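Asker: Before I ask anything, let me first share the structure, which is written out below as structure tokens.
The values are calculated or read from the model by the stated rules, or taken from the named source; none is laboratory data. Quick caveat, the model's predicted, so the values are computed rather than measured. Cβ atoms come from the backbone with ideal geometry, glycine included; neighbour counts cover every protein chain shown.
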Amino acid sequence: MKKFLVFSLGAAIFLGGTLFYSSQHVEAQDQINNVEVSSVQPIKIAGSMKIEGKTYKWMEASFGGTNRGYEINPGKMRYQLSPNPHNDPWYNKNQNKFYAQGADKIEAQANSGKWHTKGWPNKIENITIHGITYTLSK
């Protein structure tokens, strides 16, 4: 009976130690993974355009979920794209090109419409990028 108790006690200590080590290892691994994920920075897509000689900076803007658009400064003007660019598979692998091409089209319309002098519209229409025509709305 003594041998059985000693064996049972030894087995319990061994299994308890193994489980403790495993849980500590998993917790440590989770902490390492969280550190790696938290250190990843999103890619900033941005550029500039000249409207009537004035430099405006633009950058990709998020409108919650997968909705995207532009933020244009000065003025912190935010325009949401419609339709959602994520519907175009080309967008997902060519985001820098997508936003640069769109900015070129916005720049052309803004210069011809004298938006710096007259003010920026609430809607920018007929922005065609990769064969899809977009509307940008404030």
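Asker: Could you list, in sequence order, all residues of the range 75-99 that are in a helix (DSSP H, G or I) and over 14 Å from the mean Cα position of the chain (by Cα)?
Answerer: ASN87, PRO89, TRP90, LYS97, PHE98
Asker: So, in the range 59-74, exactly how many residues are in contact (Cβ under 8 Å) with a residue 12 or more places away in the chain and part of a strand (DSSP E or B)?
Answerer: Counting residues in the range 59-74 that are in contact (Cβ under 8 Å) with a residue 12 or more places away in the chain and part of a strand (DSSP E or B) gives 9.
Asker: Here is a follow-up. Has the range 103-110 got any residue that is of a type in the set (Asp, Glu), out of contact with any strand residue (DSSP E or B) (no Cβ under 7 Å at 6 or more places or on another chain) and at pLDDT 95 or above?
Answerer: yes
Asker: Working only within the range 95-125, note down all residues that are surrounded by 15 or more Cβ atoms within 10 Å (Cβ to Cβ) and small (Gly, Ala, Ser).
Answerer: ALA100, GLY102, ALA103, ALA110, GLY113
Asker: In the list ASN87, ASN111, which residue meets the criterion of being within 17 Å of TYR56 (Cα to Cα) and of a type in the set (S, T, N, Q)?
Answerer: The match here is ASN111.
Asker: Please identify the pairs in which a residue from the range 46-57 that is of a type in the set (Phe, Trp, Tyr) has its Cβ atom under 8 Å from the Cβ atom of a residue that is assigned to a strand (DSSP E or B) and modelled with pLDDT of 95 or more, counting only partners at least 6 apart or on another chain.
Answerer: Hits for this filter: TYR56/SER48; TYR56/MET49; TYR56/LYS50; TYR56/ILE72.
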